[in-house]
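The values are calculated or read from the model by the stated rules, or taken from the named source; none is laboratory data. As the structure is a computational prediction, the values presented were derived from the model and not from experiment. Ideal geometry is used to build each Cβ from the backbone, glycine not excepted, and the neighbour counts take in all protein chains shown.
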Amino acid sequence: MEEIVNTLVEKCKSRINSEKNWDVATFIIEYYIKEPGNGSCCLQIASNGEFYPINMSKLGMLEILKEIQDTTYTKWNKAVLTVYKDETHYFKTWWDAELQKSLYGTED
């Protein structure tokens, strides 16, 4: 799975490298598990605190997220990817029952 996450990091870095002053960038991801290939993402650059919507299709992120979903043993519909300028990164997934309920009327 680490290789898949590294691919995701590279895709995301292609977006944040256009920012002039960044040390930490956080991608907040919602993945719609009942609609493979769909989701939403926004980017927050720590230096200014602003949120930017991200076109995940354009970055090729959705295919990678689907692969992560297919290879993990735990069910998740939210993720945070934090990328640091020094090349380190942190990726965390979790299940958000409220998100699932708001999308599909059920928590599973």
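A few notes on this one:
- When residues of the stretch 53-69 are limited to those that are among the polar types (S, T, N, Q) and assigned to a helix (DSSP H, G or I), the one nearest to Trp95 (Cα to Cα): Gln69
- Scanning the stretch 87-106 for residues that are closer than 12 Å to Ile33 by Cβ and touching a helix residue (DSSP H, G or I) at 6+ places or on another chain (Cβ under 8 Å), we see that the one that is surrounded by the most Cβ atoms within 10 Å (Cβ to Cβ) is Thr93.
- Lys58 exposed (fewer than 14 other Cβ atoms within 10 Å of the Cβ) and either over 19 Å from Asp96 (Cβ atoms) or hydrophobic (A, V, I, L, M, F, W, C) (or both): yes
- Among the residues listed as Glu50, Glu107, Glu98, the single one being in contact with a strand residue (DSSP E or B) (Cβ under 9 Å, 6 or more places away or on another chain) and either acidic (Asp, Glu) or in contact (Cβ under 8 Å) with a residue 12 or more places away in the chain (or both): Glu50
- Output for the stretch 1-48, where each listed residue is among the β-branched types (Val, Ile, Thr) and within 13 Å of the chain's Cα centre (by Cα): Ile4, Val5, Thr7, Val9, Thr26, Ile28, Ile29
- Residues of the stretch 42-56 satisfying the condition of being over 15 Å from Leu81 (Cα atoms) and modelled with pLDDT of 80 or more: Asn55
- Pick from the stretch 70-108, criterion assigned to a helix (DSSP H, G or I) and not acidic (Asp, Glu), ranking: nearest to Lys13 (Cα to Cα): Thr71
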